[in-house]
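Data block below; observations after.
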Amino acid sequence: MFQIEFDNDKVVGIDLGTTNSLVAWMELAKPAVLPLVPSIVSLSPSGEIVVGEKARQELIDHPDRTIYSVKRLMGRGIADVQQELKLFPFHIADDSESIIRVKLGEKTFTPPEISAFILRQLKQNAEAALGQPVTKAVITVPAYFNDAQRQATRDAGRIAGLEVLRLVNEPTAAALAYGLDKRQEGIIAVYDLGGGTFDISILKLHEGIFEVLATNGDTHLGGDDIDHRLLRIALEDLQSEWGEDLSHVGEAVQTLRQEVVRAKESLSFLPDAHIDFAWHGKQYHREITRELFESLIKDIVDRTLGPCRHCMKDAGVTPEQIDEVVLVGGSTRIPMVRGAVEVLFRAKPHTELNPDEVVALGAAVQAGILAGTVENQLLLDVTPLSLGIEISGGVVSKIVHRNSTIPASASETFTTGVDGQTNVLIHVVQGERELAKDCRSLLRFDLKEIAPMPAGMPRIEVRFLIDANGILNVTARDARTGKEQSIDVQPSYGLTLEQTEAMIDAAIEHGEEDLHAAQVALARVDADAILLAVDKAGRNDAWLELTDAEREEILGAIRQLQTVYHGDDHHAIRDRIDLLNEVTHKLAENMMNTAVGSALKGTKI
Amino acid sequence: MDYFEFLELPRNLAIDAKDLEKRFYALSRKLHPDLFARRSQAERDQAEESTAVLNDAYRNLRDPITRAEYLLKLEGFDIGEQTTKDVPPELLEEVFELNMALEEFHAGAEADAPQLESARRKFEAMRGDIDAELRQKFAQWDSTRNREALTAVRVILNRRKYITNLISQTNVPDRI
């Protein structure tokens with residue numbers, strides 16, 4: 001009677017950002033968000049994983065054991081990140097090829113594993129705040145993320161012990177957050193300049209349906225790039241003033257980087273800022289005016305405008321038709337960015353919601369949609385890149401065009417070229433270019449065990465389905481027999497299914513420890529609730545109406561619960577809660593009667 | 001089931017865009033995977049599949065040109081791609097002029113940009129005429145179900161494709 005029921009199906013929304021990550025959920029009618037967690041992961045010398053604010057200091061103290069902006073490595077191969085490696089202090093292990101391995105001290109981790117550490121931290125934060133286990137999540141990704149980057153994000157969720165119910169595009173999530181109780185109809189542009197990625201999405205709003213018309217972007221563009229401009233200037237200054245090249249001294253670079261970020265942030269509010277840096281008794285001081293800052297970053301801001309124009313063209317809208325513009329991402333605090341957006345879309349952008357939080361809030365709304373607690377809202381998103389297969393001459397034949405609403409599908413029939421051929425190899429790519437080598441290789445699959453027949457006779461129908469997460473699923477069947485065709489898929493980048501499974505298994509072992517700790521914590525929460533309730537009841541008249549034996553029974557049950565309370569056996573705690581609950585039945589009944597009784601006494605009949 | 005049946009529409013060439021959108025939204029609210037997140041894996045897979053068909057149907061029928069191509073295919077017409085390589089005789093002169101202008105433009109002759117501009121305007125006007133012709137044939141098929149109308153549509157579509165190619169060639173990137 002004193003027990004509290006938990007809703008065990010809580011779905012959280014997670015913004016797994018380049019710079020910061022957040023977790024949010026629906027609370028009655030509106031989303032609630034926890035304070036952000038910096039996306040920094042460090043392996044302490046004692047072998048412990050440290051995440052978030054605590055890891056920030058480690059960037060300076062142990063730069064070789066700490067990583068930030070790991071999102072830039074998600075779903076990428078070593079050849080893709082050469083540019084990144086020049087700018088970021090990533091320590092890449094030598095055996096990196098189709099999957100990158102990052103060194104943190106003496107251990108190596110894949111980017112999904114590192115992201116999983118961040119997700120696990122968010123999961124724990126949410127569990128502590130909600131007082132219940134969290135196992136289901138919606139995770140956001142940049143709209144312009146390709147298949148491999150999306151798969152890597154989903155893998156990260158699974159490694160962290162989360163069932164990823166949906167990947168949602170960040171700008172679309174932001175539109176959902178803004179869409180609450182706002183206008184019913186209209187065209188919205190969402191401009192999202194984050195730490196490492198840029199997205200632009202144009203949506204049509206219609207009676208709770210959020211239909212994405214087109215999306216565009218650059219997964220290599222963000223606030224990090226701005227930081228690098230300032231950092232380079234400071235490092236060049238140091239080189240000329242002190243005659244010292246500090247660009248390879250991790251500790252110096254990270255200290256300076258934090259200074260530079262601080263200066264950048266204050267330039268959003270003040271006309272000038274300064275960079276101060278002390279190093280081995282020497283002092284560096286530099287003023288940066290907003291004017292200089294703007295001249296440094298102009299080309300970065302300009303690089304966002306091309307995708308915006310393309311997006312409007314693909315959506316079939318002109319700037320005049322856009323009713324609202326929404327700004328997302330910390331970099332949109334920069335006045336020059338806001339100015340450029342205003343000029344391009346000829347509209348004053350919305351900034352009511354915190355640009356750092358808006359994506360997480362939207363993810364919580366989507367979580368609510370999936371959990372069934374948010375009704376009448378529906379997201380119809382698109383695939384950002386065309387899907388194609390390589391045909392003769394290395395040419396790409398497009399089978400699903402970009403900006404197609406997802407889920408989207410296509411069927412293609414393949415045959416053999418040689419008599420008796422028993423397998424056909426197919427290469428699937430993503431991108432807009434004509435030649436396969438200029439597109440992003442997604443996967444190769446082998447149609448195997450084809451019955452030997454004259455060339456051109458077999459007919460294997462392959463179905464490509466891009467699901468609501470924007471992830472490709474391939475199935476094949478023999479068009480003659482209707483039988484399912486054996487298919488062997490090799491992803492070009494990222495983890496194979498077997499690797500992911502192994503990591504999930506390893507995580508589940510840790511997960512069991514986590515789960516156990518969570519169950520004990522939750523049992524204590526319940527114990528607290530019932531002890532408090534019984535304590536209150538002890539001061540009620542109803543307590544006096546019990547017999548001595550009944551009172552002694554209750555006090556005994558309380559002592560029993562207190563005995564096991566600090567142990568780590570949640571079953572024991574639960575059993576004692578049940579016992580206490582049982583022996584307080586009469587007390588609870590008496591209290592009800594007393595309540596009714598005193599209510600009656602106060603009433604004039 | 002074909003896309004027309006899926007959206008409960010007659011096999012017409014002219015479709016009211018607003019009505020089509022209404023059907024698409026209404027079916028999305030019934031079929032979308034988001035509504036099945038708490039159901040069994042089989043039901044979720046089914047939702048992905050049926051919504052994929054809905055989206056494919058909407059995408060193919062929303063645009064009048066892809067809709068016409070799709071309907072021609074359903075009605076057993078072969079819509080080959082090669083046909084667009086042959087220059088329609090009435091365009092021989094224009095195509096020759098355009099190629100000259102393009103060659104000079106790529107060779108860097110600034111003065112030829114206006115020529116390209118005027119070529120584009122000419123081709124766009126032609127496409128406007130073609131579209132008017134198409135609308136007429138669309139109406140003819142919709143009211144009579146006469147297959148001759150479809151034969152005519154097929155010929156016009158090929159010419160339209162050719163002109164569209166020419167227009168895209170005149171869209172040279174802006175010079176910086």
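Ranking A:Val33, A:Gln57, A:Ala79 by how far each Cα lies toward the positive end of the dipole of segment A:28-89 (charges on Cβ) leaves A:Val33 at the top. When +1 charges are put on Lys and Arg Cβ atoms and -1 charges on Asp and Glu Cβ atoms, the dipole computed for segment A:223-299 relative to its Cα centre reaches about 120 debye. Please work out the Kirkwood hydrodynamic radius for chain A, using every pair of different C-alpha atoms, and report it in angstroms with one decimal place. About 27.3 Å for chain A. Rounded to the nearest whole Hz, the Karplus-based 3J(HN,Hα) values (6.51 cos²θ - 1.76 cosθ + 1.60, θ = phi - 60°) of segment A:50-65 follow the sequence 10, 10, x, 4, 5, 7, 4, 5, 5, 4, 8, 6, 9, x, 7, 10, with x at glycine and proline.
Once backbone amide H atoms are built at 1.01 Å from N, A:His206 has A:Glu211 as its partners under 5 Å, excluding neighbours fewer than 5 places away on the same chain. Peptide A:374-384 is shielded by partner chain Cβ atoms: per residue, an average of 2 of them sit within 10 Å of its Cβ. Backbone amide hydrogens, once placed in the peptide plane, bring A:Ile399 within less than 5 Å of A:Leu387, A:Gly388, A:Ile389, excluding anything fewer than 5 places away on its chain. Using just its DSSP H runs of length 4 or more, each adding -39500 (n - 2.57), chain A gives a mean residue ellipticity at 222 nm of -13000 deg cm²/dmol after division by all residues.
Here chain A is assigned +1 on the Cβ of each Lys and Arg and -1 on the Cβ of each Asp and Glu. Its dipole about the Cα centre then comes out at about 1200 debye.
Here the label points at A:Glu163 and B:Glu21, each 7 Å from Cα along the C-beta direction, are separated by 3.7 nm in the simple model.
Peptide A:14-22 has a mean shielding of 0, counted as Cβ atoms of other protein chains within 10 Å of each residue's Cβ.
Once the Cα-Cα distance is subtracted from the 0.36 nm per residue extended length, the A:Arg463 to A:Asp488 segment shows a gain of 7.6 nm. When the charge dipole of segment A:223-299 is built from unit charges on Cβ atoms (+1 for Lys and Arg, -1 for Asp and Glu) and taken about the Cα centre, the candidate among A:Leu256, A:Ile233, A:Leu246 whose Cα reaches farthest toward its positive end is A:Leu256.
Fewest neighbouring Cβ atoms within 10 Å first, the residues A:Met503, A:Met592 line up as A:Met592, A:Met503.
Residue by residue along A:404-414, Cβ atoms of other protein chains within 10 Å of the local Cβ number 4 on average. Full extension of the chain segment joining A:Asn473 with A:Lys536 gains 16.9 nm, where the gain is 0.36 nm per residue of separation less the Cα-Cα distance. Shape class of segment A:96-161 from the alpha-carbon gyration tensor: oblate, with a/c at 1.5 or above and b/c at least as large as a/b. Among the GluC sites (Glu not before Pro) in segment A:56-163, those placed in a DSSP loop whose Cβ has at most 13 other Cβ atoms within 10 Å are A:Glu97, A:Glu106.
Among A:409-419, A:255-265, the peptide with the highest mean count of other Cβ atoms within 10 Å heads the list, and the full ranking is A:255-265, A:409-419. Summary: within chain B, the longest segment free of trypsin sites (Lys or Arg not before Pro) located in DSSP loops with at most 15 other C-beta atoms within 10 Å is B:40-144. The A:Gln82 and A:Glu185 beta-carbon pair, evaluated with R₀ = 41 Å, returns a calculated FRET efficiency of approximately 0.30. Here is the list for segment A:526-590: trypsin sites (Lys or Arg not before Pro) lying in DSSP coil, each with at most 12 other C-beta atoms within 10 angstrom of its C-beta, are A:Arg539. Under the simplified labelling scheme, the B:Glu90-B:Val155 pair shows an inter-label distance of 1.0 nm, with each label point 7 Å from Cα along Cα→Cβ.
Here the 3J(HN,Hα) profile of segment B:146-151, calculated from phi with Karplus coefficients 6.51, -1.76 and 1.60 at θ = phi - 60°, is 7, 5, 4, 4, 5, 4 Hz, Gly and Pro shown as x. Considering only A:Ala148, A:Phe88, A:Gly482, and ranking their Cα positions along the charge dipole of chain A that arises from unit charges at the beta-carbon of Lys, Arg, Asp and Glu, the one farthest toward the positive end is A:Gly482. Extension gain for A:His206-A:His310 works out to 35.1 nm (0.36 nm per residue, less the C-alpha to C-alpha distance). Taking label positions 7 Å along the Cα-Cβ direction at both A:Thr481 and A:Glu550, the computed distance is 7.5 nm, reported to one decimal. The distance linking segment A:539-594 with segment A:264-290 is 63 Å (Cα centroid to Cα centroid, whole angstrom). So how strong a dipole does segment B:3-62 carry about its Cα centre when Lys and Arg Cβ are +1 and Asp and Glu Cβ are -1, to the nearest 20 debye? Once rounded to the nearest 20, the dipole reads 200 debye.
If R0 is 45 Å, the Cβ-Cβ spacing of A:Ala347 and A:Asp568 corresponds to a FRET efficiency of close to 0.20.
Rule-based calculations on the coordinates, nothing more; no lab input. Nothing here was measured: the structure is a model prediction, and the numbers come from that model. All Cβ positions, even for glycine, are placed from backbone atoms using ideal geometry, and neighbour counts span all protein chains on display.
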